[in-house]
1. Among Trp199, Trp246, Trp262, Trp211, what's the order by accessible area (1.4 angstrom probe), most exposed first?
2. Report the calculated FRET efficiency for Ser212 and Ile269 (r = Cβ-Cβ distance, R0 = 30 Å), to the nearest 0.05.
3. Dividing the Cα radius of gyration by the Kirkwood radius, what Rg/Rh value follows for region 212-279?
4. Explain nothing, just the number: dipole magnitude of the chain about its Cα centre with +1 on each Lys and Arg Cβ and -1 on each Asp and Glu Cβ, in debye rounded to the nearest 20.
5. Roughly how many percent of the accessible protein surface of region 129-267 is carbon and sulfur, given a 1.4 Å probe and a whole-percent answer?
6. I need two numbers for the chain: Rg to one decimal and Dmax as a whole number, Cα atoms only, in Å.
7. Taking the Cα atoms of region 116-188, report the difference between the largest and smallest coordinate on each principal axis, in whole Å and largest first.
8. Return a whole-number percent for the relative contact order of the chain, with Cα pairs under 8 Å and 6 or more residues apart as the contact set.
Amino acid sequence: MTVVERPRALADQIRPEPSFGKRVGHYVRRHPGGVLGSMLVLLIVLVAIFANQIAGQDPTALNPAERLAGPSAAHRFGTDNFGRDLFSRTVHGTRISLGVGFGVSLAALLGGIIFGLLAGYYRRLDAPLMRLMDAVMAFPGIILAIGIVAATGQSIANVILALGVVYIPRVARLVRSVVLSVREQAFIEAARAIGVRDWRLLGRHILPSSWSPIIVQGTFVFAEGVLGEATLSFLGVGPPPIYPSWGTILSEARPFIREAPWMMILPGIALTVTVLSLNLMGDGLRDLLDPRLRRRA
């Protein structure tokens, strides 16, 4: 190969950067599950925002005359044992589930980031903090959440607190593992050498390197929070019964499963679709944000 031909051959090997539209199309083709999950999550959020317009009826209005009525034009998915419209209660339950899931995700991320940064950066704090996280994880999650709610009282805020405590160790261990790998890199050593303070190193250099796995983990914690709230409500230790939670609706439908099976169909489908769509979105975000998976693709 001559001197003139070599640059031409190298230029032919350089691929132009694909446009934004091509990158989006490539992601849609390779990750249809993530796209489907994101679209379903967006739809569920819209249902929660416009619940009053979609439901059309008061979810707490009692009508004993229509107790356990089957699906009809007046009640598309029937009524419960108090004559309340099940469609309206399920639609309004979306607000409770998404609100609790978001609160649990936020609480777990905040606590996990703080514990993970401290344990990963300061060697003397690593062992005691991680043993504390191990002690929390040693309890079955739902049993620990029930104990916290029983001690603090039934309310939406206490449910968020209880489930947040349960999922903090998962986020903390993830953040710690990232901090341990970033802490020994050359640019961190250089920043220490010129006198950069620890809080600035953690906030400006180490924490941004952890955002990708934190965001992905947040979506999974969101789904676990939705499912955990439904579990607590089903067991009778979730938000007060006045709130139309999906778990509460399913718990009330249990004694009437034979004579009124429609009581659990819609809330069960709503819970399943919500958790599934959040998990699909989390898988898509993981594939999108993980550089190793992008390189493999």
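The values are calculated or read from the model by the stated rules, or taken from the named source; none is laboratory data. Keep in mind the model is a prediction, meaning the values are calculated, not measured. Note that each Cβ is placed from the backbone with ideal geometry, even for glycine, and that neighbours are counted across all protein chains shown. Accessible surface areas use protein heavy atoms only, side chains included; no ligands, DNA or RNA. Shrake-Rupley method; radii C 1.70, N 1.55, O 1.52, S 1.80 Å.
1. If we order Trp199, Trp246, Trp262, Trp211 from most to least accessible, we get Trp199, Trp211, Trp262, Trp246.
2. Calculated value: 0.40.
3. Looking at region 212-279, the ratio lands at 1.07.
4. Once rounded to the nearest 20, the dipole reads 1140 debye.
5. 66 percent
6. 24.7, 93
7. 50, 20, 16
8. This gives 25 percent for the chain.
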